[in-house]
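Data first, discussion second: the structure below is written as structure tokens.
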Amino acid sequence: HLKFDVKKLMWEFDFMLDHYVEGLCGSPLESFAKKEVREVFSPLCELLAAQKPCFTHRDFHSRNLMVDKNRLVLIDFQDARMGLYQYDLVSLLKDSYIQIDDSLLEELVDLYIRLKEKEEGREVDRGEFWQMFDGASLQRHLKAMGTFAYQSVINNNHRYRRYIAPTLGYVRQTLNRKYRNSDLREALFKYIPGLDGRETIEL
């Protein structure tokens, strides 16, 4: 019954604004600015929420994949919910803790698509697949920035701060490659400190 609906996705975006932009960076947005950036982010959330949902682990990254002898064991699945099927793939291949080369990422995505086509007996629209993959990447990494900032500012747990920079890098890369000349890119670069790469954020 839990799902990545528009309300949940926007809540996670607001979480980032509260804890990263305002809490960690000390750059609270005026009401008009917050309204502007939320309005341009909302269509992405609507697009992601409109996809046919499936089970998502929700935190499917390297630290939650354990090897016990020859078995792969998944941990930290208590926050699982229904969502688009690219979500967990983004979590694994664009991990804030471990970065892989773009060429390997594309190779593994291609493998995933071919296995999905074989399993389901139908062709995957690769253009649509990448659109959802990039959208999920943008949404997830913005949320992760909020989580890392929350841990530091609210919980006084600073060990996650060093992962904000690579996560910002993922957001920047996705915006520059996939959302160039968009209102979304313009608003996020305008209101999220450190995203344009010109500001120095003490992390």
Inset, instruction - Would you tell me the accessible area of Val37, worked out with a 1.4 angstrom probe on the heavy atoms of the protein chains, in Å² to the nearest 10? - result: 0
Legend entry - Share of carbon and sulfur in the accessible heavy-atom surface of the chain [1.4 Å probe, %]: 50
Inset, instruction - Mind telling me which of Lys143, Lys118, Lys178 comes out most flexible in a GNM of the chain, alpha-carbon contacts under 10 Å? - result: Lys118
Inset, instruction - Sort Ser91, Ser103 by accessible area with a 1.4 Å probe, largest first. - result: Ser103, Ser91
Inset, instruction - Order Ser137, Ser182, most accessible first, counting only protein heavy atoms with a 1.4 angstrom probe. - result: Ser182, Ser137
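Take the cross-link list Lys94/Lys190; Lys8/Lys69; Lys34/Lys116 and give me the ones stretching past 32 Å between alpha-carbons. Walk me through the numbers on the way to the answer.
On the way: Lys94/Lys190 24 Å; Lys8/Lys69 37 Å; Lys34/Lys116 39 Å.
Flagged as over cut-off: Lys8/Lys69; Lys34/Lys116.
Rank these by accessible area, largest first, 1.4 Å probe: His19, His158.
If we order His19, His158 from most to least accessible, we get His158, His19.
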Inset, instruction - Over every pair of different alpha-carbon atoms in region 53-169, take the mean of 1/r and invert it; report that Kirkwood radius in Å. - result: 15.6
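State the percent of C-alpha pairs, over all pairs in the chain, separated by a distance greater than 21 angstrom.
Details: 11018 of 20503 pairs.
Across the chain, Cα pairs with separations above 21 Å total 54 percent.
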Legend entry - More than 15 Å apart - percent of Cα-Cα pairs taken over region 1-51: 50
Legend entry - Point-to-point label distance, Lys7-Asp101, nm (Cα→Cβ direction, 7 Å offset): 4.6
Legend entry - Candidates Gly83, Gly135, Gly127, ranked by Gaussian network fluctuation over the chain, Cα under 10 Å, top entry: Gly127
Inset, instruction - With springs connecting C-alpha atoms under 10 Å apart, model the chain as a Gaussian network and identify which of Arg71, Arg122, Arg38 has the largest mean-square fluctuation. - result: Arg71
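The values are calculated or read from the model by the stated rules, or taken from the named source; none is laboratory data. For clarity, every value in this text was computed on a predicted model and none was experimentally measured. Using ideal geometry, Cβ is built from the backbone for each residue, glycine included, and neighbour counts are taken over all protein chains shown. Remember, those area values only see protein heavy atoms, side chains included, never the ligands or the DNA or RNA. Shrake-Rupley method; radii C 1.70, N 1.55, O 1.52, S 1.80 Å.
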